[in-house]
Structures are given as structure tokens and as C-alpha cells.
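> Handing you a structure now.
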Amino acid sequence: MNQLRSLPVMEVRGIGDETAKQLASLQLYSVFDLLEHFPFRYEDYQVRPIEEIKHDERATVVGTVQSEPTVRYYGKKKNRMSVRVLVGHVLLTAVFFNRAFLKQQLKVGQEVTLTGKWDQHRLTLTVNEVKQGNHTERATVEPIYSVSGKLTSKTLKKYIHVALRQFGEQITDPLPPEIRERYKLVSKREAVFHLHMPSDREALKQARRRMVYEEFLFFQLKMQAFRKVNREQSNGRAVKVNEQKVDQFIAALPFSLTEAQEKVAGEILTDMSSPYRMNRLLQGDVGSGKTVVAAICMFAAVTARKQAALMVPTEILAEQHAQSLERLFAPSGVRLTLLTGSVKGKRRQAAVTAVKAGDVDVVIGTHALIQDDVAFHDLGLVITDEQHRFGVEQRRALRDKGAYPDVLFMTATPIPRTLAISAFGDMDVSIINQMPAGRKEIETYWAKHDMLTRVLDFMEKELAKGRQAYVICPLIEESEKLDVQNAIDVHSILQQHFEPRFQVGLMHGRLHPSEKDTVMTAFSENKIRILVSTTVVEVGVNVPNATIMVIYDAERFGLAQLHQLRGRVGRGEHQSYCILLADPKSEVGKERMRIMTETNDGFTLSERDLELRGPGDFFGAKQSGLPDFKVADVVHDYRALETARQDAATLVNSKTFWSDPKYRELVTYLQAEGVLDGEKLD
């Protein structure tokens, strides 16, 4: 295939300057690009018995017209025509929108082939294509291409077919025979032909199966090779941890570790003791006890006479971590300091001097940690909490403060395994999938907006017991585009309802950081009883006395975000509640509400969220780190992704892969991607 990469599209017969420009707008410059521009969907014209067609499926049926068509007009130029058609033993209604001209063509007793959307409940087919007579002989699968400008799917298909006839024989196979035989994969040439010109559903299925595996293997080879190069060039240092002291530290904790915490702590400590630099992602649901695992690892680094740093996204979170870690470290004499934007003047200078001199063991801070004047004596472990909140450059800046320190990323956003091994293929992934004993499960309810009075009455009862409440809104001010309650309006409504009995505070992203801290401190100290906020409280705030989380317009949020918000309550000894105020119009919105009321498990939720939203939307397409696969889908093809990852790891770590001619095309690909130079991949 490599030689086809260097052939411009104008080598294809019939493609001139104008067409080449149109193809360039689709990023199709070479013959290779054209051949690998696969259809984004296929129209299915396979005629099936009506009994086999599921509700809402696209269907092609052959039947006999049983009634005269009737037309109803509405609006200026709109009409709806319906006609009864007998398909097999089922008498259905065929509906045509704005096609009254067909009335003269449909006669009783006439045979017709209809394609459209099947409504099983109403026995109705909404027709978008009709042909007189029985047309079962046509191609059953029709490819549809993404196009732009003047270029039509039909024209593009014509040029691709010409290219296949002209250059099809030059399509080589990058996969070695043993891999193709192992998984019974068709050849690359056959796969490309059948993706563009499928003879039937089975041929298309096998062609797609082949290309899904190839795309995943190429991507995972890049990830695994990058990881191998990174490890071999990282000059990591084996940290000599005092295991006896670590065991004593764990034994002295005021609670027992869960099995999951023990397992994960063991994985991290093993990494720290290896000669390679650790590069690990620690996932744990809200409240699963990641901070304790981080504390054990930081303590382990200190026993090896190294310093440890923990970087978090907000000042209030840094302060909370510093307080809780101070309590855990105090008996063992670990010296801890806090570095945030609020630490200024002499206090800051003293902290910076102590860190550089090695008089501090553990530093907790915000991005203030990565400022130029902060230098470490001997940084051995770097932990970044909620790592997706920091840019790549910020994370790298902290890592570079030490001589090859071990790196641990932590997140409370449960990332589905399918995405974790894609986006974080160059990292090891540890998961805490167990909650500490004694934590009460948060009760979640879905309420419509017209039930607001009942929700406020329920809040009143909890507040009267001395508890506190969060009320979350999607937007700060009114927007003409979105009909959503906003924080400022809701704050005003709740003030009128609850004050002066209970103080209502307001928090949103446009407040100055010092104003946010003032509001959060007042809420933490129980001076503010109800906090109306946008999603800025999503990360890390710990107020054990807050037992109610009310989320306005909950259908506007993804499942992962709703779960994060729910995790702000349920942090103390009292029973906590999450109330989703929502009137979702779409089935997806209703499904989200149902899922939230059914499970508290973040990983189950994240898998469902991924199914509902797709991988691009899960992280936000820009920062997902996921490539745009042409054929593969990380959600539906996750088994192939797992297989490709294992195969890629085996290949990259075998000596024959780098020297055997049968793997030459795969190695050439890695060289072209810049992996083997040890360069950072995008």
C-alpha cells in the first residue's frame, strides 16, 4: 500500500484539477487516501419477512396495494399520503410525506417494493423510497459516503470504483500471514473491495472485521512501542522503600484498607521499586479512598529519602488534602507543606526554601507547584489528582522538577476500560472498585419540575435536622438558546423561600477565586446552609454535613458528570439524597435518569454513558487523545481492541518483530510515526 500513498488522486482516470480540489476538501490527496475513504454507513435493501423486522428498523418489503391512496394537506405545501399494503400476512399502512404526486401511480392490486422506517406498534412503514414491481434483485447493501461541497456520494463512489479497478492489484497486506490465519481474517485487498462494493451482508461483515482489527493493531503498536521506548530511555530509578515502616504506617491508620486499596497500593509500590519510571493511572470512584493510597505511596517515597509532590486543581482541595494528610503523617514525623496561590510573601519564600533544601518531605499544592522558583531537593514521586483538569504541559512541568521521578495520575472520573486502554495505552491502569465499609449508599430520585414544592419540603426537613444542601444549575445567566434554570434565578427563588431561616449562598465560574474560596469556606463551616452553584463544585470539595444534592435540568448533564456531582454528598455518617429535577424530551435523556436512580457504581455508569454518548463526547472530542478510526468503534468493538492490545504488546516486546521481514510494513509504520526516535506522539 505504501506506493499508493505517493500517487496523487489525479492518477485515477477521470479525475482532473477541479475534482482533485473537491477531493482535497475531504483530505483525500493520494490514491491511498481515496481507497481508504470508507463509507460511513450502508443502506440495507435486503428484503426480509415483516415478522423479522424490529421496531424502528429500516426495512425493505415487497407487497400488494390494497386500497386507494388518501392524501391529507396541512400547512402551505405539506401533505401526508397513506395507502394500505399487504406484505405477507400483514396488512400495513404505508405513509408518504409530501409525495402526493405518487397517488396516480399506486393502483389497487399493484406489486410494489417499499423502503422506510418500520413502526411495529402502529403497523406503519414511513416510506422514503418506492419502486413499482418486485425489486429483490438489486444490491442488498448500498454504501453511503461522507462528502462536502459539490461532490455527491454517487460521484465519489464512481471514482473509488475506477481507482479499485485501476490500482486494486497493488493493495498489499501489512498483516503477516500467521495473524490473518489465527483470526481467519480476509486479505487487505478483499477487505477494501468489499467495504466499497459489498456483495452481501456477510462479505461486508468480514471486511469490516478485518479492518477493525488492523486499525486497532496499528494504534496499539504505536502505543506499546512508545511505552517501550519511553521506559527504556526513561532512566527511572529504583526507590529503596522501607517496607517495614510502610507496613507500620498502614497498621497505624485509623481504619482498615479495603482489598482493592491493598491491591492497588501493592501495584504502585512494585512500580516504585522497579528500575523503570512509573507511569500509572489510578482510577477510583468518588469516596473509594484514593487519597489514602496516595498517602501510603508518598510515605513510601519518604522512607527512601525522596520527596513527594501532590498537585490538585483547586486551592480548597489542596487545603483539604493538606489537613487530612497532616493528620495521617503526624505520628510518623513526615514534614509537609502547602503551596498555593494564597501562600504569599515570607510564608511562600520560607516554604520554597525548605523544599529546595530538603527540609520538607511532602508538598501539596495547585499549579503553583510548577512555577519557576519552586525547586526540589530530590523529587521521587509526583502525583496529579484529577489529571484531566491539567494540560499536558502542566503535568510535564511538574514531572520535570525531579530526576526521573515516578508518576501517578489519579482520577475520580471512572473511565471505561475500553477507553482507558485506548486513550491511556501508554500507561498502566489501577482501579479501586470497592467502597470502604460503613459508607451509606446515596438514595437517588428523579422528580419532574412540577414536583418542586415537594422537593423544597423535603429539603426543609433535612435542613431542620442541621444538614446542608447543594443545588446545581447548568448555566450562570439566562440563555436564549437553552431553556434552562440558571444559578442566579434559582438563588433568588430559594432565598425568598428559605431565608432568613437558612442562609442561601451562590457560587459560579465568573466569581473571582478569592470570592469562591470565601463562599466555600462559609459552606464548609455551616454558615451557608444551601449552596446554589454551577458545576464548579464537581471536584473534590468535602463537606460531610451536606446530605442533599438537587440538580436542576439534570438531563443536560452526562452520566459521568451527574455521578461526580452526586458524590459531593454522602461523605458523612448521615443518610444522603440526590434529587434529579428533569423533564427530558428524548429517550436518551430519560434513560440517563433511569440509570442514575438504578446504580451508584461509577464504572457501570461510565460504560452506559459511553454507549449513550460515544467516545468523542466522553472526554470532549478535542482532549480525548483518541484517534479518528475510519471503521473501528471503541465501544462496540472493544473485544477486538483488547485482542489487538495484547498482540501489539507481544510483538513489540519480541526481538523477531524488529528484524523479521514479514513485519517490515508494521515497523516502517512505527518509524513513519516517529515512535522509534523516542519522540512524544500526539
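The values are calculated or read from the model by the stated rules, or taken from the named source; none is laboratory data. These numbers were taken from a predicted model, which means no experiment stands behind them. Don't worry about glycine lacking a Cβ; one is built from the backbone with ideal geometry, like all the others, and counts go over all protein chains shown. For the accessible areas, the whole protein counts, side chains as well, though only heavy atoms, and no ligand, DNA or RNA atoms are used. Shrake-Rupley method; radii C 1.70, N 1.55, O 1.52, S 1.80 Å.
> Where the second residue is surrounded by 15 or more Cβ atoms within 10 Å (Cβ to Cβ) and the first is without any contact (Cβ under 8 Å) to a residue 12 or more places away in the chain and lies in region 640-662, which pairs have Cβ atoms under 6 Å and are six or more apart or on separate chains?
From region 640-662, the pairs are Phe657/Leu651; Phe657/Tyr663.
> Cβ-Cβ below 8 Å, separation at least six or inter-chain, first residue in region 432-460 and within 23 Å of Met410 (Cα to Cα) and open to solvent by less than 80 Å² (accessible area, probe 1.4 Å), second among the charged types (D, E, K, R) and not in a helix (DSSP H, G or I): which pairs?
Hits for this filter: Ile432/Asp285.
> On to the next question. Inside region 44-59, can you point out the residues that are in a loop (DSSP other than H, G, I, E, B), open to solvent by 40 Å² or more (accessible area, probe 1.4 Å) and either at positive phi or not acidic (Asp, Glu) (or both)?
Gln46, Arg48, Pro49, Lys54, His55, Asp56
> Does region 361-379 contain at least one residue that is without any contact (Cβ under 8 Å) to a residue 12 or more places away in the chain and either of a type in the set (Gly, Ala, Ser) or crowded, with 17+ Cβ neighbours inside 10 Å (or both)?
Among the residues of region 361-379, not one is without any contact (Cβ under 8 Å) to a residue 12 or more places away in the chain and either of a type in the set (Gly, Ala, Ser) or crowded, with 17+ Cβ neighbours inside 10 Å (or both), which makes the answer no.
> Another question about this same structure. Report whether or not Gln66 is within 29 Å of Thr152 (Cα to Cα) and of a type in the set (S, T, N, Q).
Against the criterion (within 29 Å of Thr152 (Cα to Cα) and of a type in the set (S, T, N, Q)), Gln66 does not qualify.
> Taking the condition of being of a type outside the set (Lys, Arg), open to solvent by 20 Å² or more (accessible area, probe 1.4 Å) and under 17 Å from His377 (Cβ atoms), how many residues in region 305-317 meet it?
0
> Okay, next question. Within region 296-303, can one find any residue that is touching a Lys or Arg at 6+ places or on another chain (Cβ under 8 Å), modelled with pLDDT under 85 and β-branched (Val, Ile, Thr)?
no
> Scanning for something open to solvent by 70 Å² or more (accessible area, probe 1.4 Å) and in contact with a His (Cβ under 9 Å, 6 or more places away or on another chain), does region 124-134 turn up at least one residue?
The answer is no, given that none of the residues of region 124-134 is open to solvent by 70 Å² or more (accessible area, probe 1.4 Å) and in contact with a His (Cβ under 9 Å, 6 or more places away or on another chain).
> Between a first residue in region 64-77 that is within 24 Å of Lys131 (Cα to Cα) and a second residue that is aromatic (Phe, Trp, Tyr) and open to solvent by less than 80 Å² (accessible area, probe 1.4 Å), which pairs have beta carbons less than 6 Å apart while being 6 or more apart in sequence or on different chains?
Going by the 6 Å Cβ cut-off, there are no qualifying pairs.
> Same structure, new question: Condition check: free of Cβ contacts under 8 Å to residues at least 24 places away in the same chain, among the aliphatic types (A, V, I, L, M) and surrounded by 11 or more Cβ atoms within 10 Å (Cβ to Cβ). Does Val83 satisfy that?
Numbers: free of Cβ contacts under 8 Å to residues at least 24 places away in the same chain: yes; among the aliphatic types (A, V, I, L, M): yes; surrounded by 11 or more Cβ atoms within 10 Å (Cβ to Cβ): yes.
When the stated conditions are applied, Val83 passes them.
> Among the numbered criteria (1) touching an Asp or Glu at 6+ places or on another chain (Cβ under 9 Å); (2) on the phi < 0 side of the Ramachandran plot, which one does Glu262 miss?
(1)
> Could you list, in sequence order, all residues of region 571-588 that are at pLDDT 85 or above and either open to solvent by less than 30 Å² (accessible area, probe 1.4 Å) or of a type in the set (Gly, Ala, Ser) (or both)?
Ser576, Cys578, Ile579, Leu580, Leu581, Ala582, Pro584
> What's the number of the condition Val147 fails, among (1) under 23 Å from Leu28 (Cβ atoms); (2) open to solvent by less than 50 Å² (accessible area, probe 1.4 Å); (3) of a type in the set (A, V, I, L, M); (4) not in a helix (DSSP H, G or I)?
(2)
> Within region 63-77, track down each residue that is part of a strand (DSSP E or B) and open to solvent by 30 Å² or more (accessible area, probe 1.4 Å).
Those that are part of a strand (DSSP E or B) and open to solvent by 30 Å² or more (accessible area, probe 1.4 Å): Thr64, Thr70, Val71, Arg72, Tyr73, Tyr74.
> Out of region 304-317, which residues are at pLDDT 90 or above and of a type outside the set (D, E, K, R)?
Listed by number, the residues that qualify are Ala304, Gln307, Ala308, Ala309, Leu310.
> Tell me, which helices (runs of 4 or more DSSP H) wholly within region 277-366 include 1 or more residues that are more than 27 Å from Gly572 (Cα to Cα)?
290-303, 345-357
To keep it simple, each residue is scored yes or no on (1) within 27 Å of Asp200 (Cα to Cα); (2) in a strand (DSSP E or B); (3) in contact with a strand residue (DSSP E or B) (Cβ under 8 Å, 6 or more places away or on another chain); (4) in contact (Cβ under 8 Å) with a residue 24 or more places away in the chain.
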residue	(1), (2), (3), (4)
Leu23	no, no, no, yes
Leu34	yes, no, no, yes
Tyr42	yes, yes, yes, yes
Asn79	no, yes, yes, no
Leu92	no, yes, yes, yes
Lys107	no, no, yes, yes
Lys117	yes, yes, yes, yes
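> Just one of the numbered conditions (1) open to solvent by 60 Å² or more (accessible area, probe 1.4 Å); (2) within 28 Å of Ile415 (Cα to Cα); (3) at pLDDT 80 or above is not true of Gln320; which one?
(1)
> On to the next question. What are the residue pairs meeting all of these: first residue in region 338-349, first residue within 11 Å of Leu369 (Cα to Cα) and hydroxyl-bearing (Ser, Thr, Tyr), second residue modelled with pLDDT of 85 or more and not in a loop (DSSP other than H, G, I, E, B), Cβ atoms under 6 Å, and 6 or more apart or on different chains?
That search, which allows pairs on different chains as well, returns Thr340/Ala318; Thr340/Gly365.
> Every residue in region 3-39 that is surrounded by fewer than 13 Cβ atoms within 10 Å (Cβ to Cβ) and either closer than 22 Å to Arg208 by Cα or within 30 Å of the chain's Cα centre (by Cα) (or both), please.
Once the filter is applied, which keeps residues that are surrounded by fewer than 13 Cβ atoms within 10 Å (Cβ to Cβ) and either closer than 22 Å to Arg208 by Cα or within 30 Å of the chain's Cα centre (by Cα) (or both), region 3-39 yields Ser25, Gln27.
> For residues in region 119-144 being in contact with a strand residue (DSSP E or B) (Cβ under 9 Å, 6 or more places away or on another chain) and within 30 Å of Arg189 (Cβ to Cβ), which is modelled with the lowest pLDDT?
My answer is Arg138.
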